[in-house]
1. Once you place label points 7 Å from the Cα toward the Cβ at residue A:258 and residue A:364, how far apart are they in nm?
2. How big is segment A:248-336 on each of its three principal axes, counting only the C-alpha atoms and giving the largest first in Å?
3. Please compare each pair in A:48/A:204; A:216/A:430; A:77/A:239; A:216/A:330; A:26/B:37 to a cut-off of 22 Å on the Cα-Cα distance and tell me which ones are over it.
4. What does segment B:39-80 give for Rg and for Dmax, in Å, if only its C-alpha atoms count?
5. If the convex hull of the alpha-carbon atoms of segment A:1-114 is projected onto planes in all directions, what is the mean projected area in square nanometres?
6. When averaged across all projection directions, what area in nm² does the alpha-carbon convex hull of segment A:208-255 cover?
7. Multiply the residue gap between residue A:68 and residue A:330 by 0.36 nm, knock off their C-alpha separation, and tell me the result in nm, one decimal place.
8. Out of all Cα-Cα pairs in chain B, roughly what percent, to the nearest whole number, are more than 23 Å apart?
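Any read-out appearing in this document is the output of simple, stated calculations on the displayed coordinates, not a laboratory observation. Quantities reported herein were computed from a predicted structural model and do not represent experimental measurements. Note that each Cβ is placed from the backbone with ideal geometry, even for glycine, and that neighbours are counted across all protein chains shown.
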Amino acid sequence: KCVKCKENTTVLIIRAGDAFCRGCFKEYFIHKFRAMLGKNRVIFPGEKVLLAVSGGPASSSMLSQVQEGLSRDAPKKLRFVPGIIYIDEGGASGQSMEERKRAVAQLESVFRATNYHYHIVHLEQVLSLPSSVLEAGSSATGKPPTGSSYKAAVDHLIPTRKNQNQHPDLSVENAQSHLSNLSMQEVQNGVTSPITPEHTQALKRLFASVRTPTAKEDLLHTLRQHLILHTARTQGYTKVMMGDSCSRLAIKLLSNISLGRGASLATDTGFSDPRHGDVVIVRPMRDYSSKEIAYYNRMFDIPSVFIPGLDSKAQDKASIQRLTESFVTKLQTDFPSTVSTIYRTSEKLHTACPPQNTNTQLSAKCLLCVCALDTKLGESHCQCTKMASHHGNGLYSLNKNTQYCVCSFREPETVDLKSLLCYSCRLTIKDMTALDALPQYILSEAERRRSQMREEISEFLLDEEEDEAIPRVNGS
Amino acid sequence: MVSLLSLYLGGGAELLFGSVKEHHVTLPNQSEPWDMKQLLVWIRGNMLKERPELFVQGDTVRPGILVLINDADWELMGELEYELQDKDNVVFISTLHGG
């Protein structure tokens, strides 16, 4: 009956026809998590890892798997210091303060039962982030950790007689619990700074200025990432674990292509996401389908809190993300290998290493999603021609060799964000009616980058007196 | 044959039922036994408060809603053809993003 133990009655069918019994399913589920972490050796022993829990089934399952993995007495138990972050998005999705408080209280009781340090962050706090959150940090060690250094790091933790004689009193367990006790004493557990109704109003205004649900979801995702990154950086976490399941990632892959994020597919859906440099985002749940997670949570009483979001009860055609989800889910019912095929295809995606040249600086990253800019700088001269013709002043000079526009056109009052964004972030911004509703840190970082760009090309700018003497270049 | 059923809704599906997760229902008497297909029709007519297309699609549940009968996958029990017994426990869990 059961494909594994061949004796017990089956309770669940997963993938394209494998039926498992209850006990074998539990083993399979737990094993997959540890195998995923073991195969991709990026989490080093003793590291501080932030678990991003939304309350939904996948992230709650991830939380329980981390508990399971950290509690084993086997010598190969997981060894890292976990923390939890929950982002209360009720301000954006239109929930009342009481509903939000109730949801937070429910989640807090779940978090307290784990005995891990947790952070409750409100989405309104995105309005007071510093602009340094948009800068890519350098990774902690100079070069990326290699497989051999990982093995060495883990080896010395396996208790052998030799090791025990050398370090009799500093066992790893003591060190780890000491570390986590320290972190709990230093910072207040739980809620960070309280929010005011004005903050909520400003957040509502920001989301009201976005016209399409597609752009709203995209913007929400971006702001959420910034908040998580900021918390990780300030609290000393070097890794963030997200609870994206296989089904969710397959949908994300296809909808990202539709959104214009094809260039960053590997980082958006791969196991590890190194775009921020000092904080690496990992996705250990990417091998689990939603069905497996839902079934496991139900059978083994994993607490999860459903919190309605921006897209709850939305129609199928409301946004690109919803449409893709409905497409993939429908296809999956008739062809049960749909999701795993998409997943396996995404595994083959790798980021090509960018050619090493001196021009890859900070400004080559998108302002919002911190991916490499996939739009060429030469386009900015098209914008200048547009601006110039609009205002009636001729271009001073257009030097095609340097690919810089050299008109001495004055910057308009509102910050022009488009040249700092990748293609899909441009589309999101295009759907916004009020750019000044964006949080201050985005606007000030944009201004800083633009003035940096202006400085770089200032040496190419011609002074007004010189221009009359010099004949036009290239006859343009 | 009167069937007393306990229904449980999870994963956001409860939003369509007035945010109540647990329901105990007594199905009306009829000569043939109740099967899942008829149960879905009955739920759509009597319990769904709003947006039936988010729960039921055509004859069956919307893709993305996991159905468990007595804690077992309904695919193993015959899906829509399964005949309900007295005191059965049916669970609907939505695995979709938006409830």
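1. Spacing of the two 7 Å Cα→Cβ label points: 3.2 nm.
2. Result for segment A:248-336: principal-axis Cα extents of 38, 32, 29 Å.
3. Checking Cα-Cα distances, A:48/A:204; A:216/A:330; A:26/B:37 exceed 22 Å.
4. Considering segment B:39-80 through its Cα atoms, Rg and Dmax are 10.8, 30 Å.
5. Numbers: hull surface 39.9 nm².
For segment A:1-114, averaging the hull's shadow over all directions gives 10.0 nm².
6. Values: hull surface 17.7 nm².
With the hull built on Cα positions only, its mean projection is 4.4 nm².
7. Values: separation 262, 0.36 × 262 = 94.32 nm, distance 3.33 nm.
Extra length from residue A:68 to residue A:330 when fully extended: 91.0 nm.
8. Working: 797 of 4851 pairs.
Beyond 23 Å sits 16 percent of the P(r) for chain B.
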